[in-house]
Amino acid sequence: MTTPTTPPSRRIGYLDSIRGMAALAVVIFHANAWLDFTKDPNFNSSIPTHILNIIFNGHNAVCLFFVLSGFVLSLKYVKKGAQEVSYVEFILKRAFRLYPAYWFVLILAALYTKSDFSLFIKELPMLITGNQTLIPPAWSLIVEMKMSLIFLFLLVLAVRNIKILFVAAFLYWFLFGFEIYILHFCLGILLAINFEKIQEIKWSKTKRYLLFLLGLLLCSVEQIHFIIVPHENFKETNTPLGFFLGAFGCVIWLMLAMSAPKFQKKIETKPLLFLGDISYGLYIGHWLIFVNILEPHFDWFLAKLGSYYLAHIVVRYFLVTLFSLLFATFLYYVIEKPFIKMGYKVAKKYSDKLVFKLN
């Protein structure tokens, strides 16, 4: 999940809007996973779910978060031509950005589900893959934190030689298992380095449409595959190939957005910008609202409404989205903003600790 550590005044509005829409897509994607057409005699197939997932593709929304993280975290250093950066300062900012809201939601989830204390302790560090029982979407936050720990090393390599960056990424991938997500962060760094050039690109409408479709194809290969080749469990559709191709699809879409001033103005609306502000809370909080709080009452709504699809729309789309947005707003104002400010103050004191030379 993309969580920019730059102050609001330095952020790029249309990218905030895109991040917000991506977070909302994840919420809808998870709701689609509960829309089981295989039990409907009129369909008896998972194909409608996969078609919906092409439109609201949660996996590629996460790909987008990772690419955006690489872009946002490196842009301020690349754009300013910074000569050095403090590793301690950087990590402190990231920690104050990622952990407080996560810990708050984790505590609520543990209390609400009456989970074993050992389970809560396992998920507390947000560094160990495979322990995401209370907040399953937190798997991507673990990726964010792991990448944060090595990000400045990647940035130093990128500034000096972009080829070395991708060689190092491949070695990391090879040595530490199938951590495909390092590619997304490296591509984000590459976008940041070439940001000014990308903004000046003038593509014709035809090229833009073709590139958009190419991006859509790359982001949809996973779902198209499961339409062609039926899958026993329609909920389990995330593949390494899907995340790999999705990274390049997201890069294409971001390049299209970065080089389209008119499009940027259209999506820099107050509602979408606000959605971008609360996107982190929306991402980490919606599972608690959806699965733990509202889903146990689905059968009650079903009995009252008399229609499975109507109950699905009311509970899993409307109510989940509404309460998740409200909860995310609370997290943003009460938890995130105060701790982000605190993080900047604390991190500034260590700006001379463990300094990296970028050039």
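Pairs are defined by a Cβ separation below 7 Å, a sequence spacing of at least 6 or placement on different chains, a first member in segment 117-132 that is more than 19 Å from Ala101 (Cβ to Cβ), and a second member that is of a type in the set (Ser, Thr, Tyr) and at pLDDT 85 or above; the pairs so defined are Leu119/Thr133.
Counting just the residues of segment 305-359 that are of a type in the set (S, T, N, Q) and exposed (fewer than 13 other Cβ atoms within 10 Å of the Cβ), which one comes out nearest to Ile278 (Cα to Cα)?
Top of the filtered list is Ser307.
Candidates in segment 163-195 are the residues that are part of a helix (DSSP H, G or I), within 24 Å of the chain's Cα centre (by Cα) and of a type outside the set (A, V, I, L, M, F, W, C); of these, the one that is modelled with the lowest pLDDT is Tyr172. Within segment 256-288, the set of residues being hydrophobic (A, V, I, L, M, F, W, C) and within 18 Å of the chain's Cα centre (by Cα) comprises Ala257, Leu272, Leu273, Phe274, Leu275, Ile278, Leu282, Ile284, Trp287, Leu288.
Being within 18 Å of Gly281 (Cβ to Cβ) and among the hydrophobic types (A, V, I, L, M, F, W, C) is a condition met by no residue of segment 112-119. The residues listed here are Leu111, Leu98; of these, the one that is under 15 Å from Asn292 (Cβ atoms) and not in a loop (DSSP other than H, G, I, E, B) is Leu111. Against the conditions (1) hydrophobic (A, V, I, L, M, F, W, C); (2) open to solvent by 30 Å² or more (accessible area, probe 1.4 Å); (3) touching a Phe, Trp or Tyr at 6+ places or on another chain (Cβ under 6 Å), Leu272 satisfies every one except (3).
Residues checked against (1) more than 14 Å from the chain's Cα centre (by Cα); (2) farther than 20 Å from Leu24 by Cα; (3) buried (at least 19 other Cβ atoms within 10 Å of the Cβ):
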site	(1), (2), (3)
Val62	no, no, yes
Ala95	yes, yes, no
Ala109	yes, yes, yes
Thr113	yes, yes, no
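Hey, can you tell me all the residues within segment 70-93 that are surrounded by fewer than 18 Cβ atoms within 10 Å (Cβ to Cβ), in contact (Cβ under 8 Å) with a residue 60 or more places away in the chain and either over 17 Å from Met147 (Cα atoms) or touching a Ser or Thr at 6+ places or on another chain (Cβ under 9 Å) (or both)? Quick ask: steps written out before the conclusion?
Quick first cut of segment 70-93, residues surrounded by fewer than 18 Cβ atoms within 10 Å (Cβ to Cβ) only: 76, 79-84, 87-88.
Subset that is in contact (Cβ under 8 Å) with a residue 60 or more places away in the chain: 76, 79, 82-84, 87-88.
Answer for segment 70-93, where residues must be surrounded by fewer than 18 Cβ atoms within 10 Å (Cβ to Cβ), in contact (Cβ under 8 Å) with a residue 60 or more places away in the chain and either over 17 Å from Met147 (Cα atoms) or touching a Ser or Thr at 6+ places or on another chain (Cβ under 9 Å) (or both): Lys76, Lys79, Ala82, Gln83, Glu84, Val88.
Pairs linking a residue in segment 257-268 that is aromatic (Phe, Trp, Tyr) to a residue that is open to solvent by less than 30 Å² (accessible area, probe 1.4 Å), with Cβ atoms under 9 Å and 6 or more positions apart or on different chains, are Phe263/Tyr14; Phe263/Leu256; Phe263/Ala257.
Between Leu190, Leu183, Leu152, the distinction of being more than 19 Å from Leu358 (Cβ to Cβ), in contact (Cβ under 8 Å) with a residue 24 or more places away in the chain and buried (at least 19 other Cβ atoms within 10 Å of the Cβ) belongs to Leu183 only.
When only residues in segment 197-207 that are open to solvent by 50 Å² or more (accessible area, probe 1.4 Å) and touching a residue at least 40 places away in the same chain (Cβ under 8 Å) count, which is nearest to Tyr14 (Cα to Cα)?
My answer is Gln199.
Based on what the data block shows, is Phe104 free of Cβ contacts under 8 Å to residues at least 60 places away in the same chain, open to solvent by 10 Å² or more (accessible area, probe 1.4 Å) and assigned to a helix (DSSP H, G or I)? For Phe104, the condition - free of Cβ contacts under 8 Å to residues at least 60 places away in the same chain, open to solvent by 10 Å² or more (accessible area, probe 1.4 Å) and assigned to a helix (DSSP H, G or I) - is not met. Taking the criterion of being among the acidic types (Asp, Glu) and open to solvent by less than 50 Å² (accessible area, probe 1.4 Å), the only residue of segment 115-137 that qualifies is Glu123.
The values are calculated or read from the model by the stated rules, or taken from the named source; none is laboratory data. None of the values given here were measured: they were computed from a predicted structure. Reconstructed Cβ throughout: ideal geometry from the backbone, glycine too, with neighbour counts over all protein chains shown. Ligands, DNA and RNA are excluded from the accessible area calculation, which covers all protein heavy atoms including side chains. Shrake-Rupley method; radii C 1.70, N 1.55, O 1.52, S 1.80 Å.
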